[in-house]
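In what follows, a single structure is set out as structure tokens and then discussed.
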Amino acid sequence: MGTGSGPDPASGAAREPGERRITIADVAARAGVSKSAVSFVFNGRRGLSEGTTDRIVRAARDLGWRPSSRARALSGQRPRTAGLVLRRDAAAASSDLVGFLHGIGSALAATGAVLVVRVVATDAEEREAYSAFAREAQVDVVLLAGLRVADDRPAALARLGLPFVSADSVGAADQGARMRQAIRHLAGIGHRRIALVADESLARSARWSAEFARESRLLGLDARVAWVSLSIPITVRDATAGLLDRAEPPTGIVYESDVLAAAGMQAALRRGLEVPHELSVIALDDGPVALVTNPALSVVRRDAEAWGRACGRLLANSGGGSPEDALPPAELIMRGSTAPPSPSNQERSR
């Protein structure tokens with residue numbers, strides 16, 4: 001699969017342009033053994049004599065050959081390296097990222113594996129990062145975060161021969177529970193007209209929107225959804241402004257993240273609305289931004305580190321097994337951005 005001067009995926013040996021790559025067959029011929037014997041040694045299995053093992057190791061060293069980590073994974077060993085490609089815009093909009101990455105790393109470390117992270121800015125850079133993972137045998141398995149609507153990455157990774165795990169598949173039930181908590185909190189303090197600001201490009205947002213509509217219907221609430229692009233904060237402010245300019249605007253708004261909620265609060269303040277008495281705002285994750293807004297944001301906090309650990313355990317099994325759905329329950333943190341609607345808003349809600 002690889003070309004140029006990078007390590008060959010089959011052998012892991014560096015080579016100059018035009019130079020024939022060193023393969024496992026070359027090592028076997030030099031050591032006077034079969035290819036399976038070479039594989040046996042480099043997969044860490046016992047059974048060959050010490051002399052034969054030394055001869056194989058010496059032949060591989062002399063030829064500059066080493067097995068790729070991906071080849072070891074395919075042979076049945078646990079993966080040694082997992083890869084994650086993050087889009088810069090998505091990373092900036094996520095306050096869960098540090099805990100999430102720490103959880104992945106700790107779970108992988110328990111098996112002797114490591115996480116390789118690449119941060120990219122464009123679709124082209126993301127595609128090249130995955131190609132490099134495969135071409136240079138950098139990783140054994142890939143974690144896909146933030147599956148998109150009509151996402152072409154799973155098919156691309158399959159073509160590259162890279163196994164992958166979707167972070168969205170881990171703790172899927174937790175996402176619905178967080179949405180229900182946010183809605184029930186707003187309804188419980190008297191809000192009857194609510195809205196959700198969600199990212200139109202993410203697959204999880206469609207699930208959240210469906211849960212938002214279902215729970216709002218059960219509680220008899222007037223509910224609306226505004227679709228935005230998380231990569232453009234001004235869109236979030238415009239979407240919030242559009243909701244607030246309605247004849248009967250929402251008195252409470254749910255945002256997917258604290259970063260988005262902060263942008264929404266700016267739009268409300270520009271219209272002279274007081275948070276929380278004229279508009280309640282709640283976010284579906286917690287982070288530093290939630291504490292520096294004025295007032296501080298009410299949130300439904302998930303355990304991002306536990307989510308990361310669950311993803312890490314799935315990665316350590318090369319994607320085998322079922323995703324863990326049981327994560328620690330999300331926690332409602334009531335701060336200063338939610339309160340019962342003002343008497344005038346309450347009257348109009350009836």
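The values are calculated or read from the model by the stated rules, or taken from the named source; none is laboratory data. In this text the structure is predicted, and so the values were computed from the model without any measurement. A quick note on method: Cβ atoms are made from the backbone with ideal geometry, for glycine too, and the neighbour counts reach across all protein chains shown.
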Check whether at least one residue in region 161-179 is in the same structural domain as Thr251 (by TED's automatic domain parsing) and more than 21 Å from the chain's Cα centre (by Cα), and report yes or no. no
So Asp151, is it part of a loop (DSSP other than H, G, I, E, B) and acidic (Asp, Glu): yes
Filter region 194-232 for residues that are assigned to a loop (DSSP other than H, G, I, E, B) and not aliphatic (A, V, I, L, M); which is modelled with the highest pLDDT? Gly220
Just one listed residue, out of Val139, Val149, is under 29 Å from Trp208 (Cα atoms) and of a type in the set (A, V, I, L, M, F, W, C), and it is Val149
What number of residues within region 101-119 satisfy the criterion of being assigned to a strand (DSSP E or B) and touching a Ser or Thr at 6+ places or on another chain (Cβ under 7 Å)? 2
Every listed condition ((1) touching a strand residue (DSSP E or B) at 6+ places or on another chain (Cβ under 9 Å); (2) closer than 30 Å to His277 by Cβ; (3) free of Cβ contacts under 8 Å to residues at least 12 places away in the same chain) holds for Thr122 save (2)
Might you check whether a residue that is in contact with a strand residue (DSSP E or B) (Cβ under 9 Å, 6 or more places away or on another chain) and modelled with pLDDT under 90 occurs anywhere in region 176-186? no
Criterion first (of a type outside the set (Gly, Ala, Ser), at pLDDT below 95 and assigned to a loop (DSSP other than H, G, I, E, B)) does Glu324 satisfy it? yes
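Results for (1) assigned to a strand (DSSP E or B); (2) under 23 Å from Met179 (Cβ atoms); (3) in contact with a Cys (Cβ under 9 Å, 6 or more places away or on another chain), shown as yes or no for each residue.
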position: Val259; (1), (2), (3): no, yes, no
position: Ala263; (1), (2), (3): no, yes, no
position: Ala268; (1), (2), (3): no, yes, no
position: Leu273; (1), (2), (3): no, no, no
position: His277; (1), (2), (3): no, no, no
position: Ile282; (1), (2), (3): yes, yes, no
position: Asp286; (1), (2), (3): no, yes, no
position: Ala290; (1), (2), (3): no, yes, no
position: Ala296; (1), (2), (3): no, yes, no
Checklist (1) under 18 Å from Glu331 (Cβ atoms); (2) modelled with pLDDT of 95 or more applied to Pro276, failing item: (1)
Only one of these is crowded, with 22+ Cβ neighbours inside 10 Å and either within 25 Å of Leu147 (Cα to Cα) or not assigned by TED's automatic domain parsing to the domain that holds Asp245 (or both): Leu196, Leu202. Name it. Leu196
Could you say which residue among Thr235, Thr240 is among the polar types (S, T, N, Q), in contact (Cβ under 8 Å) with a residue 40 or more places away in the chain and more than 15 Å from Leu284 (Cβ to Cβ)? Thr240
Report whether or not Ala134 is small (Gly, Ala, Ser), buried (at least 23 other Cβ atoms within 10 Å of the Cβ) and touching a residue at least 24 places away in the same chain (Cβ under 8 Å). no
Are any residues in region 43-68 buried (at least 19 other Cβ atoms within 10 Å of the Cβ) and modelled with pLDDT under 80, and if so, which ones? Pro67, Ser68
Which members of region 327-350 meet the condition of being modelled with pLDDT of 90 or more and either basic (Lys, Arg) or more than 38 Å from the chain's Cα centre (by Cα) (or both)? Arg335
Considering every residue within region 267-278, establish whether at least one is in contact (Cβ under 8 Å) with a residue 40 or more places away in the chain, assigned by TED's automatic domain parsing to the domain that holds Leu202 and under 18 Å from the mean Cα position of the chain (by Cα). no
Within the bounds of region 182-193, is there any residue that is more than 17 Å from the chain's Cα centre (by Cα) and in a strand (DSSP E or B)? yes
Given (1) more than 26 Å from Val228 (Cβ to Cβ); (2) touching a residue at least 60 places away in the same chain (Cβ under 8 Å); (3) surrounded by 17 or more Cβ atoms within 10 Å (Cβ to Cβ), index of the condition Asp96 fails: (1)
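Yes/no matrix, rows are residues, columns are (1) β-branched (Val, Ile, Thr); (2) under 21 Å from Glu200 (Cβ atoms); (3) in contact with a Leu (Cβ under 9 Å, 6 or more places away or on another chain):
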{"site": "Arg224", "(1), (2), (3)": "no, yes, yes"}
{"site": "Arg237", "(1), (2), (3)": "no, yes, no"}
{"site": "Thr251", "(1), (2), (3)": "yes, no, yes"}
{"site": "Glu256", "(1), (2), (3)": "no, yes, yes"}
{"site": "Leu260", "(1), (2), (3)": "no, yes, yes"}
